[in-house]
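The values are calculated or read from the model by the stated rules, or taken from the named source; none is laboratory data. None of the values given here were measured: they were computed from a predicted structure. Neighbour counts are summed over all protein chains in view; Cβ atoms, including those assigned to glycine, are modelled from backbone coordinates with ideal geometry. We work out accessible area using only protein heavy atoms, side chains counted, and drop any ligands, DNA or RNA first. Shrake-Rupley method; radii C 1.70, N 1.55, O 1.52, S 1.80 Å.
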Amino acid sequence: MPPRAAPMAPDERRAALIDATLPLLTEHGRAVPTRLIAEAAGVAEGTIFRVFDSKEELVEAALAKAFEPGRMIEDVLAIDPDLPLRDRAIVLVTLLQDRFREMFALMHAVGMVGPPDRHRAEHMDRIRESFAAMTAVFEPDQPELMVPAGQLVQLLRLLTFSGSHPKFSNGEVLTPAEIVDTVLYGVVRRPAEVTA
């Protein structure tokens with residue numbers, strides 16, 4: 001029997017249970033036993049049902065948190081603005097690739113084909129906030145870019161998404177440097193380089 005959990009406010013207990021559930025969902029899918037969740041959270045199994053009506057409600061709350069871009073926004077805002085453009089792009093793509101891989105693994109484990117609550121207003125606001133933070137990474141470079149900074153972000157996101165999924169990339173996942181160099185510099189030599 002686990003030791004008695006320290007007293008917490010219901011919202012804190014709810015957040016702790018969600019945090020404990022997330023890694024278990026990737027490992028066990030929706031079939032994760034509440035016993036494992038309780039062990040991971042350091043509480044008695046009955047504690048789960050004091051703050052959630054059902055295991056399914058807890059699972060849905062954990063999935064909603066997984067797709068919330070808050071941590072991603074914080075990580076993007078922490079990118080060093082003094083790094084050269086290519087280096088900043090590699091840091092951003094590495095963050096995106098890690099997030100996409102986490103999401104792909106989670107979605108596969110729980111049988112999802114798309115993220116939850118995609119059309120909820122609050123969720124869309126956070127997605128826009130995330131995109132704005134990524135765009136701001138490249139706004140100082142706008143004079144050097146042939147496209148708006150937001151379009152550069154969109155190109156990086158699209159290639160990172162498809163280049164990070166084993167099925168889309170035929171099992172040959174692209175590295176962050178390959179993604180960045182393809183977007184920034186292309187794959188065909190310019191005519192002057194061919195004839196030189």
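Please identify the pairs in which a residue from segment 135-152 that is closer than 19 Å to Asp82 by Cβ and in a helix (DSSP H, G or I) has its Cβ atom under 8 Å from the Cβ atom of a residue that is open to solvent by less than 20 Å² (accessible area, probe 1.4 Å) and among the aromatic types (Phe, Trp, Tyr), counting only partners at least 6 apart or on another chain.
Ala149/Phe138; Leu152/Phe138
Please find, among Pro115, Pro84, the residue that is farther than 28 Å from Ala9 by Cα and at pLDDT 90 or above.
Numbers: Pro115 fails: at pLDDT 90 or above.
None of the other options fit; the residue is Pro84.
Suppose we filter Ala61, Ala66, Ala31, Ala78 for residues that are aliphatic (A, V, I, L, M), under 26 Å from Val113 (Cβ atoms) and without any contact (Cβ under 8 Å) to a residue 24 or more places away in the chain; which single one remains? Working first, answer last.
Details: Ala61 fails: without any contact (Cβ under 8 Å) to a residue 24 or more places away in the chain; Ala66 fails: without any contact (Cβ under 8 Å) to a residue 24 or more places away in the chain; Ala78 fails: under 26 Å from Val113 (Cβ atoms).
So the residue among Ala61, Ala66, Ala31, Ala78 that is aliphatic (A, V, I, L, M), under 26 Å from Val113 (Cβ atoms) and without any contact (Cβ under 8 Å) to a residue 24 or more places away in the chain is Ala31.
Looking at segment 80-94 only, could you name the residues that are out of contact with any Pro (no Cβ under 9 Å at 6 or more places or on another chain) and part of a helix (DSSP H, G or I)?
From segment 80-94, those out of contact with any Pro (no Cβ under 9 Å at 6 or more places or on another chain) are 80, 82-84, 86-87; that's our starting set.
The answer is Arg86, Asp87.
Met8 passes all but one of (1) assigned to a loop (DSSP other than H, G, I, E, B); (2) under 25 Å from the mean Cα position of the chain (by Cα); which number fails?
Going through (1) assigned to a loop (DSSP other than H, G, I, E, B); (2) under 25 Å from the mean Cα position of the chain (by Cα) one by one, Met8 breaks only (2).
At least 1 residues that are open to solvent by less than 60 Å² (accessible area, probe 1.4 Å), among the aliphatic types (A, V, I, L, M) and touching a His at 6+ places or on another chain (Cβ under 8 Å) in each: list the helices (runs of 4 or more DSSP H) lying fully within segment 32-71 that qualify.
On the way: elements: 34-41, 45-51, 55-66.
The helices (runs of 4 or more DSSP H) meeting that bar are 34-41.
Only one of (1) closer than 23 Å to Thr182 by Cα; (2) of a type outside the set (D, E, K, R); (3) touching a Gly at 6+ places or on another chain (Cβ under 8 Å) is not met by Gly29, so which one is it?
All conditions are met except number (1).
Looking at segment 103-121, which of its residues are under 15 Å from Ala66 (Cα atoms), open to solvent by 40 Å² or more (accessible area, probe 1.4 Å), free of Cβ contacts under 8 Å to residues at least 40 places away in the same chain and part of a helix (DSSP H, G or I)?
Hit for segment 103-121 is His108, nothing else.
Write out, first by first residue and then by second, each pair whose Cβ atoms fall under 7 Å of each other, whose residues are 6+ apart or on separate chains, and whose first residue, in segment 158-181, is under 16 Å from Glu102 (Cα atoms) while the second is open to solvent by 60 Å² or more (accessible area, probe 1.4 Å) and at pLDDT 90 or above.
Going by the 7 Å Cβ cut-off, the qualifying pairs are Ser164/Arg101.
Of the residues that sit in segment 129-163 and are among the polar types (S, T, N, Q) and farther than 18 Å from Gly70 by Cβ, which one is most open to solvent (accessible area, probe 1.4 Å)?
First pass over segment 129-163, keeping only residues among the polar types (S, T, N, Q): 130, 135, 142, 151, 154, 160, 162.
From the residues that got through so far, the ones that are farther than 18 Å from Gly70 by Cβ too are 142, 151, 154, 160, 162.
Details: Gln142: 68, Gln151: 90, Gln154: 74, Thr160: 0, Ser162: 46 Å².
The extreme case among them is Gln151.
Residue by residue through segment 72-102, note down the ones that are surrounded by fewer than 17 Cβ atoms within 10 Å (Cβ to Cβ) and under 23 Å from His28 (Cα atoms). Steps first, answer last, please.
If we filter segment 72-102 for residues that are surrounded by fewer than 17 Cβ atoms within 10 Å (Cβ to Cβ), which is where we start, we get 74, 77-78, 80-87, 98, 101-102.
Scanning segment 72-102 gives Asp98, Arg101, Glu102.
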